[in-house]
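A short worksheet on the structure shown next.
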Amino acid sequence: MDLQINGQTQAVPEGWQDETLLMVLREALGLVGPKLGCGLGQCGACTVLVDGAPQRSCLLPVAAVAGAKITTIEGLAGPDGRLHPVQQAWLDEAVPQCGYCQSGQILAAVALLAATPQPDAASVDAALAPHLCRCGTQPRVRRAVLRAAKAAGGAPA
């Protein structure tokens, strides 16, 4: 079985076809951006984009995403290494602390801005509420998403 991950075809090694997407990404393919948090789909640390929609990879059987376009945090930067606008805004707003939930939050923000280029603060809060962050950086997360929208020509400051 092959997967389309970050614009490249990746073969799922023998013996991994019955695993979750998270385990295949991390353990078989070495893409460690998605994290194992709760293992129940509740914390968001394992979030990846599947055909542009945020999905909890700890709940997805790898066979369920064959043929889909999967994006992990490792696939957001451009081929020249330039950060995605959401990643850059994350740094500009000094969002990261422990970083465990960050890749899932960033991917959820990317999906939000793709669907809603001009979100308001309430929309940002609603889209990211399912992502547990114990560091308390939610106000900075909100500012970063609104900054990225503005940089892309979306939301006003």
**Fill in**
The lone condition Arg26 fails out of (1) crowded, with 17+ Cβ neighbours inside 10 Å; (2) in contact with a Pro (Cβ under 9 Å, 6 or more places away or on another chain); (3) touching a residue at least 12 places away in the same chain (Cβ under 8 Å) is (3)
**Asked** Within region 46-73, how many residues turn out to be part of a helix (DSSP H, G or I), open to solvent by 60 Å² or more (accessible area, probe 1.4 Å) and within 19 Å of Gln105 (Cα to Cα)?
**Response** 0
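Per-residue answers, yes or no, for (1) of a type outside the set (A, V, I, L, M, F, W, C); (2) in a loop (DSSP other than H, G, I, E, B):
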position	(1), (2)
Ala114	no, no
Val124	no, no
Ala127	no, no
Leu132	no, yes
Gly136	yes, yes
Val141	no, no
Arg147	yes, no
Lys150	yes, no
Gly153	yes, yes
**Prompt:** Are any of the residues in region 114-128 in contact with a strand residue (DSSP E or B) (Cβ under 6 Å, 6 or more places away or on another chain), crowded, with 21+ Cβ neighbours inside 10 Å and modelled with pLDDT of 95 or more?
**Reply:** no
**Prompt:** Of Gln138, Gln97, Gln105, which residue is under 20 Å from Leu25 (Cβ atoms) and not charged (D, E, K, R)?
**Reply:** Gln105
**Message:** I'd like the full set of residues that are crowded, with 17+ Cβ neighbours inside 10 Å, in contact (Cβ under 8 Å) with a residue 24 or more places away in the chain and part of a helix (DSSP H, G or I), limited to region 75-101.
**Reply:** Gly75, Pro85, Val86, Ala89, Trp90
**Request:** Those residues that are over 17 Å from the mean Cα position of the chain (by Cα), aliphatic (A, V, I, L, M) and either under 19 Å from Leu76 (Cα atoms) or part of a strand (DSSP E or B) (or both), I need them from region 4-28; list them, please.
**Result:** Ala11
**Prompt:** Here are some conditions: (1) at pLDDT 95 or above; (2) open to solvent by 30 Å² or more (accessible area, probe 1.4 Å). Gln105 meets all but one. Which one does it not meet?
**Reply:** (2)
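The values are calculated or read from the model by the stated rules, or taken from the named source; none is laboratory data. Every value quoted in this text rests on a predicted model; they were computed, and no experiment measured them. Don't worry about glycine lacking a Cβ; one is built from the backbone with ideal geometry, like all the others, and counts go over all protein chains shown. Heads up: the accessible areas ignore ligands, DNA and RNA and are worked out on the full protein's heavy atoms, side chains in. Shrake-Rupley method; radii C 1.70, N 1.55, O 1.52, S 1.80 Å.
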